[in-house]
Amino acid sequence: LWNRVNPYTGIRILDDPALLMLEIYNESSAQFCGEKEVPPTWLTRTAGSTPAAMTWGEWLQDTSKAHGYANLAALNASWGTAHASYAAAAAQTPTLLELSVVAQTQHTIDWVLYTVYLETNLAAFYTSALDSLGYTGIRSLHTMYPSMGEIRSLQELSSVNHVSNWHNYDNLAN
């Protein structure tokens, strides 16, 4: 669609100066997708899949990620748990909607950090896709819940997010 040429102006849609902004996605951020139920692809791999991001369990095991756990013992010490494996730890996962009503434990903080990782990975994908199309105009991610951490897209994801585009309804007061 974006590569189509307007038959009246002869200009490719992505090159048309009349195009003010391209909204990269609507209500499909990590926060929105995991609001009520954890998507299965965040927890397990399917045979033959080539996912763009790590699963929750893979992320927990990766010592280079935001949590920085050196091993399972460090995770258990931080969470106050006694999980026998990363798989067992990853199986204990809150939904993002629950985060507003549960105590902010290190476990829930790590869950938010994981969704931040997913969002960063998604933004990199969109940036690459728009760059490959040759789009140089204004870009916007669709920020759904600033109170739950998505507002970071304004700052940290500025390479892909040039405009604030909040969609909060009655949540804006938060």
Matching residues in region 42-69 (among the hydroxyl-bearing types (Ser, Thr, Tyr) and modelled with pLDDT of 80 or more) number 5
Note on region 50-67: residues in a loop (DSSP other than H, G, I, E, B) and either touching a Leu at 6+ places or on another chain (Cβ under 8 Å) or open to solvent by 40 Å² or more (accessible area, probe 1.4 Å) (or both) are Thr50, Pro51, Ala52, Ala53, Met54, Thr55, Thr63, Ser64, Lys65, Ala66, His67
Among the residues in region 94-114, are any surrounded by 12 or more Cβ atoms within 10 Å (Cβ to Cβ), of a type in the set (Phe, Trp, Tyr), under 23 Å from Glu37 (Cβ atoms) and modelled with pLDDT under 80? no
Taking region 115-135 and keeping only residues that are more than 16 Å from the chain's Cα centre (by Cα), in contact (Cβ under 8 Å) with a residue 12 or more places away in the chain and open to solvent by 40 Å² or more (accessible area, probe 1.4 Å), one is left with Leu133
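The values are calculated or read from the model by the stated rules, or taken from the named source; none is laboratory data. Not measured: the values here are computed from a predicted model. Every residue, glycine as well, gets a Cβ built from its backbone with ideal geometry; the counts of neighbours run over all protein chains shown. Please note that ligands, DNA and RNA were not included when accessible areas were found on the heavy atoms of the full protein model with its side chains. Shrake-Rupley method; radii C 1.70, N 1.55, O 1.52, S 1.80 Å.
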